[in-house]
Every structure is written in structure tokens, then in C-alpha cells.
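Coordinate-derived values only; no laboratory data. Owing to the predicted nature of the structure, the values given are computational and were not obtained by experimental measurement. Reconstructed Cβ throughout: ideal geometry from the backbone, glycine too, with neighbour counts over all protein chains shown.
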Amino acid sequence: MPHYVDAVAASPWVLAVVFVVAGMDALLPFMPSESTVVACGVAAASTGRPHLALLVTAAAAGAYCGDAISFRIGRRSTSISERLTHRRAQAVHGWVQRLLSSRGGVVVMFARYVPGGRSTTALAAGLVGYPSARFHWYTAAGVLLWSIQAALIGYLGGALFAEHPILGFLLASGMALAVTGLAVLVQSTASRVPAP
């Protein structure tokens, strides 16, 4: 294991970075939250640091906070939906409301695997008045599954290529991409509500 990987993994700040990046991803969809967790999982396989349970906790907590903030922003912006006058905008608003009413749990849990889907879903759920308690429960389940999956995929890649962490990261990233593709397929199949 190269010394630079060991030094980064051993840093007390690595979990803070994971927390912040996972949280910011809900507001700025270009943040590399999954790649960050996967890379730390790769390092954990070879160095034992960061501890896998702490990595999962930091990633899940950051993602949860980010989703909650995005939902809250949407909730505070409900006056926008009351001012929708264009027929198409009203139709889209109604479609989102019906989608979340019928399949909200699946959408909230799996939208995080679609690029930009996590921030859009949390914001839209707030805008259309999706029940707060339900949103937070589904979000908690979704971020926990996501963080476990990303950390374990990274750990597996790191364990298979202990002497070559870059190869481990590439393998783990490919596996994460496959999981994302599967999640997109599941979400698109489960959320087939006619669009406006």
C-alpha cells in the first residue's frame, strides 16, 4: 500500500470530509459522494482505517443531513407551487405529487442512485408537501443502504487488490456503477406513473 494512501486514510479529518461531501451532494449534485466513500472503503481494506463502521456512519449521517436540508428548502418554497399559473407547470406539479403519493418510498430511497436524482427528489418532496415523517424514515433507510453498499464495494475492491489500490478503486467504481444502473432500472420500472 503506498504511503500516501495510508497517510490519508489515517487522517482524523477523513471522516469529516466524507460527512461534508455526502451532505453537500444533496445540494450540489456534482459532489463525488459515492466515489469518496468507495475510495475510503478501498483504503480501509488495506490499512484498517478509517474503520468501516465509522465510514458508514459518517457517510449516512452526511447524506441524511443533506437530504433533510434539501427537503426543508422545498418545504419553505411551497408558496412557489401556489403561484404556478402555467398549465404545464401545474401538470408537472400534479404528476410529482401523484408519483410521491403512490410510490414515494421507492422514489426517495432509490433516487440517490440516479445522477441528480437525490437532490431533485428531496427538493420536490418538500415542494409538493410530502409527509415529513415518511420522507425522513425513507431517507434514513435509503442513506443507510447507500452508505453500506458504497463502503462494502470499496472494501471488496481494496481487499481483492491490496497491493494495487488504484485497481481496487477502479473495480469498486465499476461495481458501484453497475449497482446504480440496477437501481435506475428498478426505479424507472416502479415509478411508471403517466407523465402529464
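Would you tally the net charge around Leu123, using a Cβ to Cβ cut-off of less than 10 Å, leaving Leu123 out, and scoring K and R as +1, D and E as -1? Local net charge: +2.
Counting Lys +1, Arg +1, Asp -1, Glu -1, what net charge surrounds Ser33 among other residues with beta carbon under 11 Å of its beta carbon? Overall, the nearby charge balance is 0. Relative to the current alpha-carbon distance between Ser11 and Ser132, full extension at 0.36 nm per residue lengthens the span by 39.9 nm.
Taking a sphere under 10 Å around the Cβ of Thr139 and counting the other residues whose Cβ falls inside, with K and R at +1 and D and E at -1, yields a net charge of +2.
Multiplying the residue separation of Ala53 and Arg76 by 0.36 nm and subtracting their alpha-carbon distance yields 4.8 nm.
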